[in-house]
Amino acid sequence: MDPSALDTHSTDGVAEHHEVIVVGGGQAGLALGYYLAGQGRDFVILEAEARPAAAWRKRWESLRLFTPVRYSSLPGLAFPGDPAAYPTRDEVVDYLTSYARHFDLPVALNSGVRSVRRTDGGYRVETDERSYSAEQVVIATGPFQAPFVPAIADRLAPEVVQLHSTAYGSPGDLPEARVLVVGGGNTGFQIAEELAASREVHLSIGSRQKPLPQRVLGRDIFWYLEAIGLIRMSRETRIGRRLEGRDTLIGSNPRALRRRHGVELHSRAVDASGATVAFDDQTSLDVDAVLWATGFRPDYSWIDADVFDEKGGVVHKRGVTDAGGLYFLGLTWQHTRGSALLGWVKEDARYLSERIRAHRSDLAVAAATPQPVA
């Protein structure tokens, strides 16, 4: 992968043209790139950061996937290592970086996209350094976009250290004092457990999530999810509709966190004042630091297209929008429970690559069809 090979773009306001532009050089964009390369498609992957897998590089240092190696591969290249092992953050970064290099995917680094808008012939994509045009665009920026911190954070005193989980790397980022982790998902549980080894830790859980053990009868839970087809269950099925929007704790359990690691559990954090956080069960806690494991919100303000609902979410069917030639990839529950996971994003990537091929064929047919004389 040689980003300098992409420096042949036009200047003087003339956009560099490609059949397809993929926005985002993470797992979704790379998986799609594999299929587009297999079609011989003219495309470029625009990555905002200086290195691939940027989103993974920003996760905390001790992170491990809850999907084992055997379920963590992108198409065409197996994730290295013991199939039963759980990859670390750095192993995922190394794998994605080597994946882009192995298939010589055209990744343009330092290419943060400022805007995407429709034109008569397709789409115009603007970055800080150059302009692109394309017949089709895929937004593969994934589900982790704008870090969300609730408004009560503004009511905490300046001396209370605050971090969103995206800014947390290791326990040294927080004082060795009383820390409140807010957020009862997998991220909140994992970070709370790590911090508890060196300080007093409390965990605020807003909504209870169903915990699943990492292993059952010697097999990883994802073996069962694959075996019964639940991981591939479409959001359009009855079971899929029930599961969509519900997160699941994998390998974590509130009781075990309290019993084994001494983490004190609290209900939803609803207010704050000075150094005190209040919970919805009328209790409160004085804190020295707060880590917000409160997730993300979509941010597509840079896309000029009528494909969003009133909450800013994408209106689509398996990543295909009503704006011809505009697609999304890597969304949570884009089609199945596995859509946003490393080992299953390839299913949606393959599907979109075929839709891209069909759209391209339709354009070619339309171009070759004689137009009626006025």
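The values are calculated or read from the model by the stated rules, or taken from the named source; none is laboratory data. Just so it is clear, the model here is predicted, and its values are computed rather than measured. Using ideal geometry, Cβ is built from the backbone for each residue, glycine included, and neighbour counts are taken over all protein chains shown.
Across the stretch 195-223, the qualifying residues are those that are free of Cβ contacts under 8 Å to residues at least 12 places away in the same chain and out of contact with any helix residue (DSSP H, G or I) (no Cβ under 8 Å at 6 or more places or on another chain), and the one among them that is nearest to Ala340 (Cα to Cα) is Trp223.
Yes or no: the stretch 329-346 includes at least one residue that is outside any loop (DSSP other than H, G, I, E, B), modelled with pLDDT of 95 or more and within 20 Å of Thr67 (Cα to Cα). Yes, there is a match, as at least one residue in the stretch 329-346 is outside any loop (DSSP other than H, G, I, E, B), modelled with pLDDT of 95 or more and within 20 Å of Thr67 (Cα to Cα).
Of the numbered criteria (1) under 21 Å from Ile250 (Cβ atoms); (2) assigned to a loop (DSSP other than H, G, I, E, B); (3) more than 18 Å from the chain's Cα centre (by Cα), the one Arg59 fails is (3). Could you list all residues from the stretch 140-154 that are surrounded by fewer than 22 Cβ atoms within 10 Å (Cβ to Cβ) and either out of contact with any Asp or Glu (no Cβ under 7 Å at 6 or more places or on another chain) or β-branched (Val, Ile, Thr) (or both)? Result: Gly142, Pro143, Phe144, Pro147, Phe148, Val149, Pro150, Ala151, Ile152, Ala153, Asp154. When the stretch 171-183 is limited to residues that are of a type outside the set (A, V, I, L, M) and in contact (Cβ under 8 Å) with a residue 60 or more places away in the chain, the one that is surrounded by the fewest Cβ atoms within 10 Å (Cβ to Cβ) turns out to be Pro175.
Taken over the stretch 284-297, the criterion of being surrounded by fewer than 17 Cβ atoms within 10 Å (Cβ to Cβ) and either in a loop (DSSP other than H, G, I, E, B) or modelled with pLDDT under 95 (or both) is satisfied by Phe296, Arg297.
Criterion first (in the same structural domain as Glu200 (by TED's automatic domain parsing), in contact with a helix residue (DSSP H, G or I) (Cβ under 6 Å, 6 or more places away or on another chain) and modelled with pLDDT of 85 or more) does His261 satisfy it? Walk me through it before giving the result.
Working: in the same structural domain as Glu200 (by TED's automatic domain parsing): yes; in contact with a helix residue (DSSP H, G or I) (Cβ under 6 Å, 6 or more places away or on another chain): yes; modelled with pLDDT of 85 or more: yes.
Yes: the conditions hold for His261.
Any residue at all in the stretch 273-282 that's at pLDDT 90 or above, among the polar types (S, T, N, Q) and over 24 Å from His164 (Cβ atoms)? Even if it seems obvious, please write down each step before you answer.
Our first condition is that a residue be at pLDDT 90 or above; within the stretch 273-282, this holds for 273-282.
Right, trim to among the polar types (S, T, N, Q) and you get 273, 276, 282.
Cutting the leftovers down to over 24 Å from His164 (Cβ atoms) gives us 282.
Yes: the stretch 273-282 contains one or more residues that are at pLDDT 90 or above, among the polar types (S, T, N, Q) and over 24 Å from His164 (Cβ atoms).
In the stretch 135-147, is there at least one residue being more than 21 Å from the chain's Cα centre (by Cα) and within 30 Å of Gly33 (Cα to Cα)? Yes.
Out of curiosity, is Asp281 in a loop (DSSP other than H, G, I, E, B), in contact with a Ser or Thr (Cβ under 8 Å, 6 or more places away or on another chain) and not small (Gly, Ala, Ser)? Break it down stepwise before answering.
Values: in a loop (DSSP other than H, G, I, E, B): yes; in contact with a Ser or Thr (Cβ under 8 Å, 6 or more places away or on another chain): yes; not small (Gly, Ala, Ser): yes.
Spelling it out, Asp281 is indeed in a loop (DSSP other than H, G, I, E, B), in contact with a Ser or Thr (Cβ under 8 Å, 6 or more places away or on another chain) and not small (Gly, Ala, Ser).
Exactly one residue out of Ala100, Ala28 is within 30 Å of Asp322 (Cβ to Cβ), part of a helix (DSSP H, G or I) and assigned by TED's automatic domain parsing to the domain that holds Gly343, and it is Ala28.
Which residues, counting only those in the stretch 62-97, are assigned to a loop (DSSP other than H, G, I, E, B) and among the aromatic types (Phe, Trp, Tyr)? Working first, answer last.
Going residue by residue through the stretch 62-97, those that are assigned to a loop (DSSP other than H, G, I, E, B) are 62-63, 65-68, 72-73, 75-76, 78-87.
Within the stretch 62-97, Phe66, Phe79, Tyr86 qualify.
Please enumerate the residues belonging to the stretch 312-327 that are closer than 30 Å to Ile205 by Cβ and either out of contact with any Pro (no Cβ under 8 Å at 6 or more places or on another chain) or crowded, with 16+ Cβ neighbours inside 10 Å (or both). Break it down stepwise before answering.
Of the residues in the stretch 312-327, the ones closer than 30 Å to Ile205 by Cβ are 312-314.
Within the stretch 312-327, just Val314 meets the criteria.
For Ile191, state whether it is outside any strand (DSSP E or B), modelled with pLDDT of 90 or more and crowded, with 16+ Cβ neighbours inside 10 Å. Yes; evaluated as a whole, the condition is true for this residue.
Just the residues that are in contact with a strand residue (DSSP E or B) (Cβ under 8 Å, 6 or more places away or on another chain) and not in a loop (DSSP other than H, G, I, E, B), please, taken from the stretch 236-268.
To start, the set of residues in the stretch 236-268 that are in contact with a strand residue (DSSP E or B) (Cβ under 8 Å, 6 or more places away or on another chain) comprises 240, 246, 248-254, 257-258, 261-268.
Those that are in contact with a strand residue (DSSP E or B) (Cβ under 8 Å, 6 or more places away or on another chain) and not in a loop (DSSP other than H, G, I, E, B): Gly240, Thr248, Leu249, Ile250, Pro254, Leu257, Arg258, His261, Glu264, Leu265, His266.
Selection of the stretch 295-323 for residues being in contact (Cβ under 8 Å) with a residue 60 or more places away in the chain and among the acidic types (Asp, Glu) yields Asp299, Asp304. Which residues, taken from the stretch 241-257, are out of contact with any helix residue (DSSP H, G or I) (no Cβ under 9 Å at 6 or more places or on another chain) and at pLDDT below 85? Matches in the stretch 241-257: Arg241, Arg242, Glu244, Gly245, Arg246. Mind listing just one residue for me: the one in the stretch 103-120 that is exposed (fewer than 13 other Cβ atoms within 10 Å of the Cβ) and part of a loop (DSSP other than H, G, I, E, B) and, of those, farthest from the chain's Cα centre (by Cα)? So the residue we want is Asp120.
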